[in-house]
1. Consider segment B:196-213. How many of its residues are in contact (Cβ under 8 Å) with a residue 24 or more places away in the chain and either more than 18 Å from the chain's Cα centre (by Cα) or within 21 Å of B:H67 (Cβ to Cβ) (or both)?
2. Quick check on my filter: what residues within segment B:90-110 are more than 22 Å from B:G252 (Cα to Cα), touching a residue at least 12 places away in the same chain (Cβ under 8 Å) and either facing chain A (nearest Cβ under 7 Å) or under 15 Å from the mean Cα position of the chain (by Cα) (or both)?
3. Filter segment B:58-89 down to residues that are more than 16 Å from the chain's Cα centre (by Cα) and part of a loop (DSSP other than H, G, I, E, B), then give me how many there are.
4. Considering only segment A:166-189, state which residues are of a type in the set (A, V, I, L, M, F, W, C) and not in a loop (DSSP other than H, G, I, E, B).
5. Of all residues in segment B:124-178, how many are β-branched (V, I, T) and more than 17 Å from the chain's Cα centre (by Cα)?
6. Being without any contact (Cβ under 8 Å) to a residue 40 or more places away in the chain, among the β-branched types (V, I, T), part of a strand (DSSP E or B) and buried (at least 16 other Cβ atoms within 10 Å of the Cβ) is true for just one of A:V225, A:V234, A:V193, A:V219. Which residue is that?
7. Condition test on B:A75, is it surrounded by 22 or more Cβ atoms within 10 Å (Cβ to Cβ), more than 28 Å from B:H162 (Cβ to Cβ) and among the aliphatic types (A, V, I, L, M)?
8. Taking A:F48 as meeting all but one of (1) in contact (Cβ under 8 Å) with a residue 40 or more places away in the chain; (2) buried (at least 24 other Cβ atoms within 10 Å of the Cβ), write down the number of the exception.
Amino acid sequence: MNSATREAYGAALRDLGRVNPNIVALDADLAGSTKSAMFGKEHPDRFFDMGISEADMIGTAAGLATCGKIPFASSFSVFVTGRAFEQIRNSVCNANVNVKVVGSHAGPSCGEDGSSHQAVEDIAIMRALPHMTVVVPADDVEAYAATVALADHTGPAYLRVARLASPTIHEEEGYKFVLGKGEVLREGTDITVVACGMMVPRALHAAELLADEGISAEVINMATVKPIDADLLVECAKKTGKIITIEEGSMVGGLGTAVAEVLSERCPVPVRRIGLPDVFGISGPGDQLLDYYRLNAGHIIEVAHELLA
Amino acid sequence: MCNDLLSIAREMRVHIVEMLAAAGSGHPGGSLSATDIIADLYFQHMRLDPENPAWEDRDRFVLAKGHAAPALYAALALRGYFPVEDLQGLRKIGSHLQGHPCMSSTPGVDMSTGSLGQGLSVANGMALAGRIDGRSYYVYCLMGDGELQEGQVWEAAMSAAHYGLDHVIAFVDHNGLQIDGHNDEVMTVTPIDEKFRAFGWDVVCIDGHDFKQIDDAIAHAKATKGKPTLVVCETVKGKGVSFMENQVDWHGVAPTPEQATAAVAEIRGL
């Protein structure tokens, strides 16, 4: 409970390894941080530390996948999606092999390491690749379930997990993650907030505060950013007619863009995006940086007021 | 078998020239330099079943220098993976023969390639999977010499040695030429053998057009335990077609129909 999504990823990977001998894991010298070491400790014969060589790691994962393995290849998000982008493009997505790319320490919540280590573009560049599925879980319960779901799904996928611990919003008991489906976390009629990752608890908090003002905000957890649940978005747009998106990354090409792509074609309504305004991050404590970039409830409320004015 | 291989390689070269002429684009030079290596692998060494391309115990082949696809396609067609007539569809809309190897469209292609530098990592992954599953298959990987300029090759060279992947047998088609000129003018890659030895590989240097030497190198590689083997093959770009041999301009230009006719006559010794 209330742990980082990377912790849940590591636990899920370890547990998957117990039941599925085809699960293998690779890391690029960050296994302790991405938590893939939890798998490595229990299944050392199926864990490969590739050293600090993300390109080789992805290529190796692709080779394993052609032989029926289900490789999870982890590193910091910025390195695994950026350094190895073209390997993911050609050896994974173009070859259409069953490799799961896992990027941790994504977004400014990565914290003190600063801009070189905070992926802001990963959702955009992974989303741009044909065959790719992109998942950004909101909490530890969802991260665990999403990892299991991606192991069951055949095809390339990108899982984005966070360094920072965040509040658990899902009941573990009876929770079911459905790949490709958005989740209505809170019903509302005046406005819809679509969020992913660590922004989901903040969206829920904003909705509570808006309710105190008599504004009914719907909250959607869009963990699967690709393929996005277009039907749910259209339904929301028809109902509330006003959409706010919030994500912990660049506004260029991310969740907000994906939502706008759907709605501009199928149900044009005002869409306001909250995210990083085409900038790299800075050093600082991760939780403080989220507020520094106004990735918070206050910003959602402010935009809601503007849209409802 | 060597005589058979000679005639098979000759037939492959004819198909390479003819399919490239029909396509109107593609890479003859590096296809012809790699032909004998690929012929020897597919008709002498590799454990395969063309009736069952996905056979789990088959040997694998990764054409890291994916632009030599015509040589691979010729071998696969002659080996019975698909009709020889399909070769005429190379690079055309609706054909399963893409400009660079595509595993989801062409039967018998073990890995999609085309972007240089990525194949050796993939071969390593295949070998690791074989180790996990206790299978005995070998993974053959054919790289270009210019390809060695890609940093990922050296990452993969480190990994193969680190994990002791003795079922990886890699070849370098060392024809000395790349698009912009001679390797030594563009970016020096030699000494290839010393570099790979320093990375922990077993290395053999041979004439890449001599089947006996290719056979001996593979036998040596299979006898080598605990480390991967690299076979550095001295080759001639455009081998078998005199007006293409050692000509950098024939890296990525298809022959005209007239040139193809002359080339085929020469290959067939007419």
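The values are calculated or read from the model by the stated rules, or taken from the named source; none is laboratory data. Predicted, not measured: the structure shown is a model, and the values here were computed from it. Cβ placement follows ideal geometry from the backbone for every residue including glycine, while neighbour counts extend to all protein chains displayed.
1. The qualifying residues number 7.
2. Matches in segment B:90-110: B:G108, B:D110.
3. 5
4. Selection gives A:V184, A:L185.
5. 1
6. Being without any contact (Cβ under 8 Å) to a residue 40 or more places away in the chain, among the β-branched types (V, I, T), part of a strand (DSSP E or B) and buried (at least 16 other Cβ atoms within 10 Å of the Cβ) holds for just one of A:V225, A:V234, A:V193, A:V219, which is A:V219.
7. yes
8. Result: A:F48 fails condition (1) only.
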